[in-house]
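Derivation of every value follows stated rules applied to the coordinates shown; laboratory data play no part. Keep in mind it's a predicted model, so treat the numbers as computed, not measured. Reconstructed Cβ throughout: ideal geometry from the backbone, glycine too, with neighbour counts over all protein chains shown.
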Amino acid sequence: MFLMVFTSCLFIGSLVGFLAGLLGIGGGLIIVPTLVYLLPLINVDAQLVMPMALATSLASIVVTSSSAAWIHHKQQNIPWPLAKILMVFVAMGALVGVYIASTLSAKVLTTFFASAVIVLAIYMLFSIKNENNHSMPNRFVLRVLGSCTGVLASLMGIAGGVVLVPTLSYFGLPLRQTIGVATVCGVVVAIFGSTGYIISGWGQTQLPAWSLGYIYLPALLGIVLSSSFFARYGVRLATELPVAKLKKFFAGFLILVAIKMIIQ
């Protein structure tokens, strides 16, 4: 069972790395459901499965998104003045998300979030051929956006790209730059979020061997070994694809994920 978990995470990591580079997401929407299925196979207590899945997902995003963010930086896809504003408040939101993760039921929040994702994705589909005249909001709105993204991302074990990419696209930022900003913000979310889960899980006696707080290291190793390699191919494809096709692919991906979240 241990070997099966590691091998499965190798496969998942390759998919996650590719999507991180292509769409600016850290892969948590794939990693978390996978680990929720895999962890009980090694006799992880049911009460620990979700925090371990979230923590391991965020820890893997540190590596996955860092690799993709560096490539986006070299491709000049990251407008740093905007990214720096969002990064500070994304970090603060991630810490708040970890704090409330064990005390708040996410059922209503998840349904609201998934519904909002569907609305934003549909907007992206209908706006592909239209000129976007919306201007970038002021610093206060950007700070609120960053904080909310950090909270949601930390609670759901994701990098936050599903919030930042359609939102920044709505405000007129070119799609490749929105993906670049989302990727570097995903690194910040993952660092602060996973650190919080390590601290909150420290001393938990029921955790399996090879756990660091709530992070399960064998699964983390399997994911990061393959994700770092495949991230470069996602970035390369994001640079070469026409913007309209990239928007269609991303919007379709968001709709499918959001529908899955609502059904669950």
Calculating semi-axes √(5λ) of the Cα gyration tensor in Å from this structure picks out, from [x] 34, 26, 15; [y] 29, 19, 17; [z] 49, 24, 15, entry [y]
To the nearest 10 degrees, the tilt of helix 243-263 (Cα long axis) against the first principal axis of the alpha carbons of the chain is 40 degrees
On a 0 to 90 degree scale, rounded to 10, what angle separates helix 217-240 from the longest Cα axis of the chain?
-> 10 degrees
Between VAL88 and TRP202, what FRET efficiency follows from the Cβ-Cβ distance if R0 is 25 Å, with the result rounded to 0.05?
-> 0.45
Stretch gain in nm, segment HIS73-TYR233, where the contour uses 0.36 nm per residue and the Cα spacing is subtracted | 56.1 nm
Full-stretch length increase - LEU256, ARG139 - with 0.36 nm per residue and alpha-carbon distance subtracted | 38.9 nm
For the Cα atoms of the chain, what angle does the longest principal axis make with the long axis of helix 139-156, in degrees from 0 to 90, nearest 10?
-> 30 degrees
